[in-house]
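Chemist: Have a look at this one before I ask anything.
Every number in this text was worked out from the coordinates using simple rules, so none of it is lab data. Bear in mind the structure is a predicted one, so any value in this text is a computation, not a measurement. Backbone-built Cβ (ideal geometry, glycine too); neighbour counts: all protein chains shown.
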Amino acid sequence: MDNIDYLLEMKLEIQDLIGNLGMKINEFNNDIGCKEVDFLEIFYQHPFVFCMFLSSLDGKFTEDEARFLNNFFYKDDFQVLDGIYNNEYTKYSEKEVYNNLIESFTSIQAKNLILFNDKFIIPPYPITLFAGIRNIIKNSEFEPGLDSEIKELIFSLLSFYEELGVSFIASDRAHEKEIEFLSRIMTTTREFLKDNDITLPISGKSNQDIGFSETHFLTGANIFKEGMKTSDAQKESLVESRKKLGYIQETLDDLLNELNNLIGLFNVKTDVNSLINLLKIRKLREDQGFKQPPISLHLVFSGNPGTGKTTVARLLGKIYYHLGVLSKGHLIEVDRSCLVAGYVGQTALKVQKVLKDSIGGILFIDEAYSLTRNQDDFGMEAVDTLVKGIEDNRDDLVVIVAGYPELMSGFVSSNPGLKSRFNKFIEFKDYDGSEMFDIFKSFCKQYGFKIENKANDHLIKYFTDLYSNRDKTYANGRDVRNFFEKIMTNQANRLSTQINPIKEDLTLLKEEDL
């Protein structure tokens with residue numbers, strides 16, 4: 001299906017959802033004495049403005065962008081909505097359409113300097129609108145199913161804006177600022193939804209429900225070759241076969257939601273989403289016949305221990321598989337001891353074995369700087385062998401090197417082959433006190449524990465103090481896990497003196513356990 005057609009299909013589905021919900025919400029508004037709202041009119045207008053803001057970021061509005069907007073927002077043969085959003089169409093020439101869009105672009109570009117800058121990025125208005133409405137009515141007795149309907153609409157709007165942004169950017173030169181802005185605004189939107197208790201679902205639904213599916217992109221294993229005629233039954237059989245062989249089972253939607261549901265890591269999510277959007281846009285541009293320059297997908301993850309580097313790398317491998325970058329999507333995690341041997345000639349063999357195991361996935365090298373700390377040992381031999389292996393397997397291997405921020409720059413600069421291939425740094429910042437507390441609560445939820453109310457204040461103070469007084473031994477999420485395990489031990493010791501504790505006792509963490 002052409003991507004414009006797919007977007008139009010998404011738009012129609014959302015209009016149906018808004019139409020049905022709008023009537024129910026306006027009925028609620030009447031009951032509480034508020035005026036009715038034309039929700040459809042709001043949705044008609046905002047996506048156009050959203051695209052225009054994206055276009056204004058590189059300071060240019062091109063004919064290709066105008067053609068995309070015409071194909072998506074207007075009728076065929078340049079029949080344009082008079083006043084943009086009423087129901088009467090007038091036929092214009094392509095030049096007249098372009099001139100009208102230029103006027104809109106100029107107006108929006110001026111507003112862009114005020115409304116969208118580094119310190120003020122807001123989610124798409126229809127999403128904030130319905131999230132706000134949900135906060136008002138979720139505790140009401142108006143209609144039990146209304147809350148879930150609004151969340152379904154919000155998830156649909158989120159997917160729509162992301163697909164719209166990617167497709168619009170791909171219609172032209174795919175400027176870096178446009179890709180970065182789209183990623184930042186969608187990451188901001190997901191954080192906004194989390195703050196409003198709207199968590200993205202990890203449902204395992206079929207990828208055919210989203211825009212960039214296994215069949216939309218070439219899979220890494222080349223199951224669905226471009227131009228190859230494959231029946232739906234054959235596709236299902238091939239996908240099932242790969243599942244039995246242990247390949248990625250989660251859908252792309254699930255993996256993206258899992259990434260964006262991670263606690264904290266805002267800049268990491270933004271950077272990773274920018275990479276993902278870049279790959280999507282490159283694929284769309286290739287489909288339109290544009291030549292794409294080669295890019296390096298190798299990464300430097302800089303950050304202290306326990307900041308989620310391995311977790312993000314594992315998710316990224318699976319995401320790259322779904323986008324057709326890698327054939328397997330698995331993660332091989334190593335450190336110096338896995339790469340360096342004690343005798344001449346053995347180091348190269350160890351590195352070659354690791355590279356062979358990593359083909360089709362991501363090779364994650366933790367504390368990579370330890371390879372070059374001593375210029376006289378076999379670490380440099382490991383680096384040289386690694387650089388050659390990266391080049392030999394560049395079509396089906398991604399390498400991520402990780403370690404302390406202050407040491408990773410020196411590692412990359414130690415070898416010209418590393419410096420030319422690892423030009424993208426992603427910084428994993430330390431978790432602050434509130435994020436540590438959120439991680440602790442996630443452990444409690446995962447293992448079925450509840451926190452006594454009196455214990456909450458104690459925990460917040462503990463993690464705040466831990467962050468404020470952190471030193472080189474601060475281990476972020478690992479500190480939280482260790483603390484959680486100690487508390488479970490304390491609870492077990494407390495309960496050991498009780499005869500036949502009930503279920504509530506077994507699941508409750510008290511202040512004295514801390």
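Chemist: What is the local net charge at residue 331, summed over the other residues whose Cβ is closer than 9 Å to its Cβ (Lys, Arg +1; Asp, Glu -1)?
Modeler: Result for the local shell: +1.
Chemist: Which of 334, 368, 311 sits farthest toward the positive end of the charge dipole of segment 296-428, with +1 on the Cβ of Lys and Arg and -1 on the Cβ of Asp and Glu?
Modeler: Selected residue: 311.
Chemist: Rounded, prolate or oblate for segment 298-345? Axes are the square roots of the Cα gyration tensor eigenvalues, ordered a ≥ b ≥ c, and the cut-off for rounded is a/c under 1.5. Present the calculation step by step, with values, prior to reporting the outcome.
Modeler: On the way: a/c = 2.99, a/b = 1.46, b/c = 2.05.
Oblate, since a/c reaches 1.5 and b/c is not below a/b.
Chemist: With a/c under 1.5 counting as rounded, go ahead and sort segment 295-374 into rounded, prolate or oblate using the C-alpha gyration tensor (a ≥ b ≥ c being the square roots of the eigenvalues; past the cut-off, prolate if a/b is larger than b/c, else oblate).
Modeler: Numbers: a/c = 2.44, a/b = 1.39, b/c = 1.75.
Since a/c reaches 1.5 but b/c is at least a/b, the shape of segment 295-374 is classed as oblate.
Chemist: Show me the ranking of peptides 276-288, 187-199, 322-334 by mean Cβ neighbours inside 10 Å, starting with the highest.
Modeler: Ranked from most to least packed, the peptides come out as 322-334, 276-288, 187-199.
Chemist: What's the FRET efficiency of residue 177 with residue 42 using the Cβ-Cβ distance as r and R₀ = 25 Å, to the nearest 0.05? If you can, show how the numbers build up before the last one.
Modeler: Working: r = 27 Å, r/R0 = 1.08.
The calculated FRET efficiency here is 0.40.
Chemist: What shape does segment 301-440 have by the C-alpha gyration tensor, where a ≥ b ≥ c are the square roots of the eigenvalues, rounded means a/c under 1.5, and otherwise prolate means a/b greater than b/c and oblate the rest?
Modeler: Values: a/c = 1.91, a/b = 1.28, b/c = 1.49.
Oblate.
Chemist: Additional query: Using r as the Cβ-Cβ distance of residue 486 and residue 404, and R0 as 30 Å, what FRET efficiency do you calculate, to the nearest 0.05?
Modeler: Numbers: r = 26 Å, r/R0 = 0.87.
Here the calculated transfer efficiency is 0.70.
Chemist: Let me ask something additional. Roughly how many whole Å is it from the C-alpha centroid of segment 368-426 to that of segment 278-313?
Modeler: Centre-to-centre distance over Cα atoms comes out at 17 Å.
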